[in-house]
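The values are calculated or read from the model by the stated rules, or taken from the named source; none is laboratory data. For clarity, every value in this text was computed on a predicted model and none was experimentally measured. With ideal geometry, Cβ positions are generated from the backbone for all residues, glycine too; neighbour counts draw on all protein chains shown. What goes into the accessible areas is simple: the full protein's heavy atoms, side chains included, and nothing from ligands, DNA or RNA. Shrake-Rupley method; radii C 1.70, N 1.55, O 1.52, S 1.80 Å.
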Amino acid sequence: MMRRVITRAFANIALCKYWGKKSDKDNLPATPSISMALEELRTETEVVRLNKPPHRIKVNSKRTDPVSEARVFEYLEYWKNEKLISGFYSIDTKNHFPTKAGLASSSSGFAALAQALSAFSKHKISKAELSRLARIGSGSAARSVTGGLSGLPVGRNPAAKLIMKPEDIPWGMVICTVDAKAKKVPSRQGMQLSRDKSPYFNAWVIRARKDYKLMLDAITRLDFSSIGRICEENALAMHACMIATRPSLIYWNDVTVRLVNAVRRWREEGLENYCTIDAGPHVVILAKIPELKKIAARARRIKGVIAAKKSLTSGGASIVECV
Ligand code: DP6
């Protein structure tokens, strides 16, 4: 019987954002989303089967906070209730980037965990099924299972689908880290607040569904200018919905604003680049591969930017080692 498995997955950054749930129960997204998995945002997870309770959870070799721990315990229970696994496990997740700072660590975390748990299952779990299972852990994780450029539609029990393989994607991203401290309101809570307390929530959902269709069309045409424009507009629309929440959810800080303005200025000057921002202060810049180096160098010169790292697209979740 297998005892130990190591898996790898990459966090993804959405070009069309998932923000809001249709149902909390099975973590059903209210908005369809499209993302790129990034090779610089790597997570490796080791799962060992234990002989006796309790489960043990570590993140970056340390005990994690009680809320994150409870969320992982609950997730293990889900797999057990579905009769996919049995027994007790020790889970050690290593994120090779700042955790819980708005850099989508739950996407790679739950994708790597789902991939590892599937190795302990007696059932054969397809990629689509694995994506659904990862979604139960975290909506964005569904897209890290498939990697590359992936889309997660809305629906009764959606799974992410690969839209473009990493090697076919002629653009990449520059990840600009502005503040590595843990964020105040986690996405899960933030999207609940937006749904219940933002007067713009319904308008956001309608817009997000239109953006998804337009984005798919632009990707089919490899029309980078449209892809970038929709990506930036979609992120700003999501933040407008967040900011309008009462009380307001402002994930930005002054460096975020400086970066957004810089991206727009560089674009006016002829450097084609676009920005996106998740539920945190960091800014991620989308550009064609040959421009990434120049953009990273420029971003590093902006006051308050801690790091600017260029990244190409990565693949999906995979098993690294299995004993
Ligand atoms: C802003 O996937 O972290 O990054 O499903 O509650 O775990 P849960 O939320 P999560 O939300 C991601 C929000 C986002 C946008 C995106 O990645 O699409």
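Looking at (1) under 27 Å from ASP26 (Cβ atoms); (2) assigned by TED's automatic domain parsing to the domain that holds ALA307; (3) open to solvent by 10 Å² or more (accessible area, probe 1.4 Å), find the lone condition where ASP179 falls short. Condition (1) is where ASP179 drops out. Taken residue by residue, the stretch 161-172 has at least one member that is within 26 Å of GLY228 (Cα to Cα) and of a type in the set (Gly, Ala, Ser).
Residues that are in contact with a helix residue (DSSP H, G or I) (Cβ under 7 Å, 6 or more places away or on another chain), part of a helix (DSSP H, G or I), more than 25 Å from CYS275 (Cα to Cα) and among the basic types (Lys, Arg) do occur in the stretch 119-129, at least one of them. Taking the criterion of being aromatic (Phe, Trp, Tyr) and crowded, with 23+ Cβ neighbours inside 10 Å, the only residue of the stretch 109-151 that qualifies is PHE110. At least 3 residues being in contact (Cβ under 8 Å) with a residue 24 or more places away in the chain and touching a helix residue (DSSP H, G or I) at 6+ places or on another chain (Cβ under 6 Å) is the threshold, and among the strands (runs of 3 or more DSSP E) wholly inside the stretch 13-86 those reaching it are 33-50.
Sub-7 Å Cβ pairs linking a first residue in the stretch 103-128 that is within 22 Å of VAL185 (Cα to Cα) and assigned by TED's automatic domain parsing to the domain that holds PRO186 to a second residue that is in a helix (DSSP H, G or I) and within 10 Å of the ligand (Cβ to nearest atom), at least 6 apart or interchain, number zero. In the stretch 2-41, what residues are open to solvent by 10 Å² or more (accessible area, probe 1.4 Å) and in contact with a Phe, Trp or Tyr (Cβ under 9 Å, 6 or more places away or on another chain)? Hits for the stretch 2-41 are MET2, GLU39, GLU40. Of the residues making up the stretch 1-59, those that are more than 16 Å from the ligand (Cβ to nearest atom) and β-branched (Val, Ile, Thr) are VAL5, ILE6, THR7, THR45, VAL47, VAL48, ILE57. Look at ALA299 and say whether it is assigned to a strand (DSSP E or B) and either among the polar types (S, T, N, Q) or open to solvent by less than 10 Å² (accessible area, probe 1.4 Å) (or both). So ALA299 does not fit the description; no.
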